Amino acid sequence: MKELEAAFLEESTDVEYIVTQTFPDLKKNAWLNTYFIEENKIELEGYQYKTFKGTCAPEHQRETCNTLEEAVSGILLATNSQASIDNAIKGFYFWI
């Protein structure tokens, strides 16, 4: 397995990106109040976090953020929540 991992790294192949694009259900996601957060891997880079109100349907997308903290902060602001960002992240119902 280590040899395979090394071979992908040598070829600059982003395995996580390929797998999550092929199998979107493997993306990390969470609910915060009535908002949904989806983590999206950017090929050969970091992550972006899409937020949705109500459901994860494309027409309910609210914003795309560069950090999880930014996404949570936007949701807390939209819901007038007094929770801290750290406490909100700790209280996620799901983070798959």
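Taking Glu39, Glu70, Glu11 in turn, the Gaussian network model of the chain (Cα-Cα springs below 10 Å) assigns the largest fluctuation to Glu11.
Per residue, how much accessible surface does the chain expose to a 1.4 Å probe? Answer in Å², no decimals.
Heavy-atom SASA per residue in the chain reads 69 Å².
Charge tally for Leu32 (other residues, Cβ to Cβ under 15 Å; Lys, Arg +1; Asp, Glu -1): -1.
Near Ala83, once Lys and Arg are set to +1 and Asp and Glu to -1 for all other residues with Cβ below 14 Å from its Cβ, the sum equals -1. Near Gln48: Cβ cut-off under 15 Å, other residues only, Lys/Arg at +1 and Asp/Glu at -1. The net charge is -4.
With Kirkwood radius over Cα pairs in Å defined as stated, name the option among [x] 13.5; [y] 16.1; [z] 14.5 computed from the structure displayed. Among [x] 13.5; [y] 16.1; [z] 14.5, the one derived from this structure is [z]. Dipole orientation for the chain: of the candidates Ser84, Ile42, Ala6, Ser84 has the Cα lying most toward the positive pole (charges on Cβ; Lys, Arg +1; Asp, Glu -1). Calculated [222 nm] ellipticity per residue, helices only, for the chain: -10000 deg cm²/dmol; basis is -39500 (n - 2.57) per DSSP H run with n ≥ 4, divided by all residues, nearest 500. Protein heavy-atom surface of the range 7-96, 1.4 angstrom probe: 53% of the accessible area is carbon and sulfur, with nucleic acids and ligands not counted.
The values are calculated or read from the model by the stated rules, or taken from the named source; none is laboratory data. No experiment lies behind these values; they were computed from the predicted model shown. Here the Cβ is made from the backbone with ideal geometry for all residues, glycine too, and neighbour counts use every protein chain on show. Ligands, DNA and RNA are stripped out before the accessible areas are found, and what is left, the full protein with its side chains, is counted by its heavy atoms. Shrake-Rupley method; radii C 1.70, N 1.55, O 1.52, S 1.80 Å.
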